[in-house]
């Protein structure tokens, strides 16, 4: 299977719902910032914030790529990305 096929399957799982969940995680982390935390908890919070931000950025890139490569229903990336030889 080509990269394009796998990417098309990934896009079908609704990046919008992944984005919404990641934003909820970031919002919860933002609320925790203002609470008293010990050193370990602060470290975990920074990890959650970094991973959440990275996930949101990744979903944004997936959505941008999907827009650039065409609608998934019309063939999407399968019609754009070809295997190199």
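The values are calculated or read from the model by the stated rules, or taken from the named source; none is laboratory data. Just so it is clear, the model here is predicted, and its values are computed rather than measured. For neighbour counting, all protein chains shown are included, and Cβ atoms are generated from backbone atoms with ideal geometry for every residue, glycine included.
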Identify, please: which residue in region 50-85 is on the phi > 0 side of the Ramachandran plot and surrounded by 14 or more Cβ atoms within 10 Å (Cβ to Cβ) and is, among those, modelled with the lowest pLDDT? 76
Do the conditions hold for residue 25, that is, is it at pLDDT 90 or above and within 13 Å of the chain's Cα centre (by Cα)? yes
Say we look at region 34-52 and pick out the residues that are assigned to a helix (DSSP H, G or I) and in contact with a helix residue (DSSP H, G or I) (Cβ under 7 Å, 6 or more places away or on another chain); which of these is farthest from residue 19 (Cα to Cα)? 45
